[in-house]
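One structure is given here, and the rest of the page talks about it.
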Amino acid sequence: MSGPPCPLCAAPAATPFAEHDARRYWRCARCETTFVDPAQLPARADELREYALHRNDPDDAGYRAFLARLTEPLLARLASASRGLDYGCGPGPALAAMLRAEGHQVALYDPLFAADEAVLRATYDFITCTEVAEHFHRPAEEFARLDTLLAPGGWLALMTTFLPDGCNFARWHYRRDPTHVVFYRPPAFHYLAARHGWECEIPRDNVVLMRKPLLPPSSRRGRA
């Protein structure tokens, strides 16, 4: 069966991966991204109902410890008083509060909970995107937008659960959230880094740090 193109790298004809809970999943051979069939993406109203069940309390110590998996390696790389954007901040922006407590400025954007388009007309020293990339219906477009929002030398910090080798996909908790529609493995982020000219680090499982160069790739290639 010939499948749809990959929504991340646009490679044609993804291969069948699995069918569970009346959903068909495809796998890209080039970047190893696994994704829900485009015809089965959830409607916005269904996403809102699911998000209402999430419990991401900014005052919850366990939740803050979870977010620290990303903030710790990011803070080690940021200059003081950096200007950032929490992209996909959700209804309880705990991550922004943690970064502000360390002296950084953080703007908020979320298409459902903080849809301030004005913040998308600026550029930032860093962008955080925690537990968001798995919700992207059009990930190639989202990552291209994030590239335009990053200032030269800026950091894009992502956290999403990687699809592990040998996973029992039918029972995998991450798949069973109906708003999770794309699942990544490290090759996907190396593809993105090559596509946009970013540097890419994976400092720990499920955390990716990518840095936009100070000079565009064409300029760097021309320098001795």
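The values are calculated or read from the model by the stated rules, or taken from the named source; none is laboratory data. Predicted model only: the values in this text are computed from it and were never measured. Positions of Cβ are generated from backbone atoms using ideal geometry, with glycine treated the same way; all protein chains shown enter the neighbour counts. To get the accessible areas, we keep the full protein, side chains included, count just its heavy atoms, and leave off ligands, DNA and RNA. Shrake-Rupley method; radii C 1.70, N 1.55, O 1.52, S 1.80 Å.
To the nearest 20 debye, what is the magnitude of the charge dipole of the chain about its Cα centre, counting +1 on the Cβ of each Lys and Arg and -1 on the Cβ of each Asp and Glu?
760
Given H placed on each backbone N at 1.01 Å, which residues far from residue 33 in sequence or on other chains put an amide H within less than 5 Å of it?
28
Once amide H atoms are placed 1.01 Å from N in the peptide plane, what residues at a sequence separation of 5 or more from residue 127, or on another chain, have their amide H within under 5 Å of its amide H?
Long-range HN contacts for residue 127: 85, 155, 156, 157.
In what sequence, highest mean first, do 149-158, 18-27 appear when ranked by Cβ atoms within 10 angstrom?
149-158, 18-27
Just subtract the alpha-carbon distance of residue 72 and residue 15 from 0.36 nm times their residue separation and send over the number in nm, one decimal.
16.8 nm
Any chance you could list the semi-axes, whole Å, largest first, of the equivalent ellipsoid that the Cα gyration tensor gives for the chain, using √(5λ)?
Semi-axis lengths for the chain are 28, 23, 16 Å.
Quick one: what are the phi-derived ³J(HN,Hα) couplings along segment 65-71, Karplus 6.51/-1.76/1.60 with θ = phi - 60°, whole Hz, x for glycine and proline?
Values, residue by residue: 5, 4, 5, 5, 4, 8, 5 Hz.
Leaving out ligands and nucleic acids, note down the accessible area per residue over segment 34-140 with a 1.4 angstrom probe, in whole Å².
Spelled out: the 1.4 Å probe surface of segment 34-140, per residue, equals 49 Å².
So the label point goes 7 Å from the Cα of residue 172 along Cα→C-beta, right? Which residues of segment 23-44 then have their backbone N under 15 Å from it?
What the label zone holds, given the 15 Å backbone N cut-off, is 23-29, 31-37.
How big is the charge dipole of segment 100-224 about its Cα centre, in debye rounded to the nearest 20, if each Lys and Arg gets +1 on its Cβ and each Asp and Glu gets -1 on its Cβ?
Taking the Cα centre of segment 100-224 as origin, the dipole is about 460 debye.
Using the Cα centre of segment 55-168 as origin and beta-carbon charges of +1 (Lys, Arg) and -1 (Asp, Glu), tell me which of 67, 115, 105 is placed farthest towards the positive end of the dipole.
105
Could you state the accessible area per residue of segment 152-209 in Å², with a 1.4 Å probe and every protein chain left in place?
Per residue, segment 152-209 has 41 Å² of solvent-accessible surface.
Once you place label points 7 Å from the Cα toward the Cβ at residue 214 and residue 22, how far apart are they in nm?
For residue 214 paired with residue 22, the spin-label model returns 5.6 nm.
So, in Å, what gap is there between the alpha-carbon centers of segment 19-46 and segment 94-136?
Segment 19-46 and segment 94-136 have Cα centres separated by 26 Å.
Through the Karplus equation 6.51 cos²θ - 1.76 cosθ + 1.60, θ set to phi - 60°, convert the phi angles of segment 116-127 into ³J(HN,Hα) values in whole Hz; use x for Gly and Pro.
8, 5, 4, 5, 8, 9, 10, 10, 9, 6, 8, 10
Quick check: at a probe of 1.4 Å, how many percent of the accessible area of the chain sits on carbon and sulfur atoms?
Its accessible area is 50 percent carbon and sulfur atoms.
Would you mind checking which residues have amide H under 5 Å from residue 106's amide H? H placed 1.01 Å from N; only 5 or more apart, or other chain.
84
How many nm separate the modelled label positions at residue 53 and residue 145, each set 7 Å beyond the Cα in the direction of the Cβ?
2.5
Please report the antiparallel percentage of DSSP beta bridges with both residues in the chain, rounded to the nearest 5.
Restricted to the chain, the bridges split so that about 60 percent are antiparallel.
Using only DSSP helix segments of four residues or longer, with each worth -39500 (n - 2.57), what per-residue ellipticity at 222 nm results for the chain after dividing by its residue count and rounding to 500?
Computed ellipticity for the chain at 222 nm equals -7500 deg cm²/dmol.
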